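Enquirer: Below are the structure tokens for one structure; questions will follow.
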Amino acid sequence: MSKYTTNYSKWDDLDTDDSDAEPPAPEPEPEPEGPGWRAHADPVLAVKELSKLVLSYELEGVFDAQAFDKGTPRAKRALRCVLKGNLARLNATLAWGAGADADFETYIKPNLTTTECCYVLFRTKTWALFVWAPACHVEADAYLATALPFREALGGNIRIPNVFSWTKHGDVRLDAMVTDAPALSLSAADVEGAVSAAARARGPAVPASVPDPLPPMSAM
């Protein structure tokens, strides 16, 4: 045997049968969240001056996950968001409670203070955006001006049909447009403006008010 030849005979006695191996430990089930807001330490990204509104990864991820978390311990009633320049961050989450009215009166309304502005994404059968911008606050104008771009960044009025702006505590109330909003399932037959059932069978339904996408640049 050449001195440059590797001797693999030492591998012959290796036990490759893992049938007697211990099974992996099961992952623990997530515990239901307790009542009240749960703070989120959404990291502030080291970004340069942003020219347009950007969502933090955690905010975007938690918001999108609610499409799959309905009826699970991870379901959220509300997401509280704040601005850091042009970066929208997740500040806290509120677990799904017994009812929209009770959750609003217990956890939303009492936690709006004149010392800070915020966005509250509130969920019933669909999402609503509450803009809390107390008139005396230095950042009130920024929150009001960014509300619609914030909604667009999260999917627009298809996902968040109702937006309410409040500048004083007397404005704060849960409107019937939120509590009575229909479920925004794009495959539901009763969604206003949705295409017919025959068309839905060919793919996801899109409200008729949504314009057709622009053709690719190569076709222009």
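The values are calculated or read from the model by the stated rules, or taken from the named source; none is laboratory data. On a predicted model such as this, the values are computed, not experimentally measured, just so you know. Don't worry about glycine lacking a Cβ; one is built from the backbone with ideal geometry, like all the others, and counts go over all protein chains shown.
Enquirer: For residue 204, only one of the following conditions fails: (1) at pLDDT below 90; (2) surrounded by 15 or more Cβ atoms within 10 Å (Cβ to Cβ); (3) within 24 Å of the chain's Cα centre (by Cα). What is its number?
Expert: Here residue 204 meets the rest and fails (2).
Enquirer: Let me ask another. Considering only the range 92-143, state which residues are basic (Lys, Arg), farther than 23 Å from residue 54 by Cα and not in a helix (DSSP H, G or I).
Expert: Passing the criteria: only 125.
Enquirer: Also, I was wondering about something else. Among the residues of the range 160-174, which ones are of a type outside the set (Gly, Ala, Ser) and either farther than 15 Å from residue 78 by Cβ or in contact (Cβ under 8 Å) with a residue 60 or more places away in the chain (or both)?
Expert: Across the range 160-174, the qualifying residues are 161, 167, 168, 169, 171, 172, 173, 174.
Enquirer: Something else about it: Filter the range 97-145 for residues that are within 18 Å of residue 181 (Cα to Cα) and among the aliphatic types (A, V, I, L, M) and give the result.
Expert: Scanning the range 97-145 gives 98, 100, 102, 120, 121, 128, 129.
Enquirer: Quick one: count up the residues across the range 138-158 that are buried (at least 17 other Cβ atoms within 10 Å of the Cβ), in contact (Cβ under 8 Å) with a residue 24 or more places away in the chain and not small (Gly, Ala, Ser).
Expert: 4
Enquirer: What pairs come up if the first residue lies in the range 73-84 and is free of Cβ contacts under 8 Å to residues at least 24 places away in the same chain and assigned to a loop (DSSP other than H, G, I, E, B), the second is surrounded by fewer than 17 Cβ atoms within 10 Å (Cβ to Cβ) and not β-branched (Val, Ile, Thr), and their beta carbons are under 8 Å apart, counting only those six or more places apart or on different chains?
Expert: 75/69
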